[in-house]
Amino acid sequence: MKVQFKRRIFANLFILFLTISITSCKENSEKEEVTEVAVEEVAQVDPFFKLSLAEWSLHKAIMDKSMSPFAFAEKAKEYGFSGLEYVSQLYTPQIEKMGMQAVMDTLLAKSKEHGMTNVLIMVDGEGDLADPSVKVRDEAVEKHKKWVDAAQFLGCHAIRVNTFGSNEPKEWNKGVVDGLTKLSKYAATKNINVLVENHGWLSSDIPKLMAAINEVNMPNCGTLPDFGNFCIKRKEGERWGECEEEYADIYDGVKQMMTKAKAVSAKSYDFDDDGYETKLDYPRLMGIVKDAGYTGFVGVEYEGDRLSEEEGIMATKELLLKSVQDIEKN
């Protein structure tokens, strides 16, 4: 009897233990499922913008001829982008060899083949729109017109221009207002926007830039805020090279430019172990972009040296998406 009683107690205890274990495992499993769902829901938060790739992110590969500029659409699609931002100077050899129209025909065919949206053309090397000389400015305007035509042909909404010519504030203002007005009037006939990027000299002195844009006062003349180009003065007055003076508050600068923005350039240089940019507060910058009500394309433009171009592009893209999550959390 004692043996049977002990066996019965043991059996009951075992059943009780087994029940508790099963219940506990089920609860833990349900908790894990809830956690997985929560993570998945966060990951599926849609960005408020569309992703485009600035071709300058691939300029090293194009310039050393390890990649054809005509492969741009295919590469951008492969990296998960839907928009293309062309760089005019990367097609100079092809234009000299094939002609402008043949190059544009090829780019349009490639963008259609890969289902990509042509967003804009970044125009370089076509003269100084803010030169003190009216003759020089007018020549620059004429040289830019073919890129307005090219943008219209490709279905882009804009060209990005530079505003070099003078670094003396009053002289620059007079010249840039004149140059931008003349080019914007022509671009308006093609339904194309003319965008000024903070791209060095006084275009990076944001109050002076915005004063000029407001003086032009045309619906198709706006800005392209770049997260990283805020050098006002470089060593020995050069356009590029060692920076001697930067605009004091880049976040304030982006905020001012967003009032007239029709495109945004997400510049990046390097990343920490958590994937954040080491020089730029991306969640803060993207918060400024969102607060401005901007929902267009944000172009990834990696310009670093430590990572490969492909690695830098993907790291910037992931940081943009991560910044959306950070904004949602806050």
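Candidates in segment 180-217 are the residues that are touching a helix residue (DSSP H, G or I) at 6+ places or on another chain (Cβ under 6 Å) and of a type in the set (D, E, K, R); of these, the one that is most open to solvent (accessible area, probe 1.4 Å) is Glu215. Filtered by the rule that a residue be touching a strand residue (DSSP E or B) at 6+ places or on another chain (Cβ under 9 Å) and either in a loop (DSSP other than H, G, I, E, B) or open to solvent by 20 Å² or more (accessible area, probe 1.4 Å) (or both), segment 274-294 gives Thr278, Lys279, Leu280, Ala292, Tyr294. Counting only residues that are over 23 Å from the mean Cα position of the chain (by Cα) and of a type in the set (Phe, Trp, Tyr), which one in segment 143-202 is farthest from Ile250 (Cα to Cα)? Going through the qualifying residues, I end up with Tyr186. Just one of the listed residues (Met314, Met257) is open to solvent by 50 Å² or more (accessible area, probe 1.4 Å), under 22 Å from Val87 (Cβ atoms) and hydrophobic (A, V, I, L, M, F, W, C), and it is Met314.
Considering segment 225-249, the residues that are within 16 Å of the chain's Cα centre (by Cα) and in contact (Cβ under 8 Å) with a residue 40 or more places away in the chain include one that is most open to solvent (accessible area, probe 1.4 Å), namely Gly228. When segment 94-120 is filtered for residues that are farther than 23 Å from Ile313 by Cβ and open to solvent by 70 Å² or more (accessible area, probe 1.4 Å), the ones remaining, listed by number, are Glu96, Lys97, Met98, Gln101, Asp105. Just a yes or no: is a residue in segment 161-179 surrounded by 18 or more Cβ atoms within 10 Å (Cβ to Cβ), in a strand (DSSP E or B) and either in contact with a Ser or Thr (Cβ under 7 Å, 6 or more places away or on another chain) or not hydroxyl-bearing (Ser, Thr, Tyr) (or both)? Looking through segment 161-179, at least one residue is surrounded by 18 or more Cβ atoms within 10 Å (Cβ to Cβ), in a strand (DSSP E or B) and either in contact with a Ser or Thr (Cβ under 7 Å, 6 or more places away or on another chain) or not hydroxyl-bearing (Ser, Thr, Tyr) (or both). In segment 127-144, which residues are of a type outside the set (Asp, Glu) and crowded, with 16+ Cβ neighbours inside 10 Å? Those that are of a type outside the set (Asp, Glu) and crowded, with 16+ Cβ neighbours inside 10 Å: Gly127, Leu129, Ala130, Val136, Arg137, Ala140, Val141, His144.
In this structure, is Asp252 buried (at least 20 other Cβ atoms within 10 Å of the Cβ), farther than 22 Å from Ala54 by Cβ and touching a residue at least 12 places away in the same chain (Cβ under 8 Å)? In short, no. Among the conditions (1) surrounded by fewer than 22 Cβ atoms within 10 Å (Cβ to Cβ); (2) assigned to a loop (DSSP other than H, G, I, E, B); (3) not β-branched (Val, Ile, Thr), Cys156 misses just one, which is (1).
The values are calculated or read from the model by the stated rules, or taken from the named source; none is laboratory data. Since we're looking at a predicted model, the values are computed, not measured. Neighbour counts run over all protein chains shown; Cβ positions are idealised from the backbone, glycine included. Just so you know, the surface numbers come from the protein's heavy atoms only, side chains and all, with ligands and any DNA or RNA stripped out. Shrake-Rupley method; radii C 1.70, N 1.55, O 1.52, S 1.80 Å.
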